[in-house]
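Only one structure is covered here, and it is reproduced in the block below.
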Amino acid sequence: MASPREILEQIRRDFFAGQEGALDSDAAVEAFGSTIAKVATDDFACIMDGGALTTRYEGIEGVRAGWRDFLAAFEAIRIVPGEVIETDDGLLEYVHLVGRPVGIEAEIQQEGAAVWRLRGDRLALVEFHTDRERARASAGVSG
């Protein structure tokens, strides 16, 4: 059985393979959906938590829709993986986002996090957070 870290490393390897620099939204949506499909449970779900607006997406098509919605706001975006902390049911992963929103010349930077929840050696839920405090609380990680 694969460990949570091994599953995340597989996701990172598969998703970022061929993604040079900023993510192209159509290619990133397809790559992420295909990557998650390899390790997801039948009842997989994705939560995009932007603070004031949180949306739950069901299944692989749902995760594609969530990513399409997220990426539509950007001309270009880079996701830089960071520290990973083990939790009771998976992992908390910190990321750094660097992007250029649609219609804006300047880049913005945002610290974010993902909570990866596993059932056995399959991915049951992933939560993407723009607020690391909310991600830590959801993952049950203090400080």
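Worth a mention:
- Residues within region 65-89 that are aliphatic (A, V, I, L, M), crowded, with 16+ Cβ neighbours inside 10 Å and within 16 Å of Val29 (Cα to Cα), tallied: 5
- Among the residues making up region 107-143, those that are farther than 19 Å from Pro81 by Cβ and either assigned to a loop (DSSP other than H, G, I, E, B) or small (Gly, Ala, Ser) (or both) are Gly120, Asp121, Ala124, Ala137, Gly140, Ser142, Gly143.
- Any chance Asp49 is closer than 18 Å to Arg134 by Cβ, surrounded by 15 or more Cβ atoms within 10 Å (Cβ to Cβ) and within 15 Å of the chain's Cα centre (by Cα): yes
- Filtered residues of region 90-121 (kept if of a type in the set (Lys, Arg) and either crowded, with 16+ Cβ neighbours inside 10 Å or closer than 21 Å to Thr54 by Cβ (or both)): Arg100, Arg117
- Count - residues of region 73-103 that are small (Gly, Ala, Ser), at pLDDT 90 or above and assigned to a loop (DSSP other than H, G, I, E, B): 1
Okay, residues lined up against (1) under 14 Å from the mean Cα position of the chain (by Cα); (2) farther than 22 Å from Lys38 by Cβ:
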residue	(1), (2)
Arg56	yes, no
Ala73	no, yes
Arg78	yes, yes
Val84	yes, no
Gln109	no, yes
Ala124	yes, no
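The values are calculated or read from the model by the stated rules, or taken from the named source; none is laboratory data. Everything quoted here is computed from the prediction, not taken from an experiment. Positions of Cβ are generated from backbone atoms using ideal geometry, with glycine treated the same way; all protein chains shown enter the neighbour counts.
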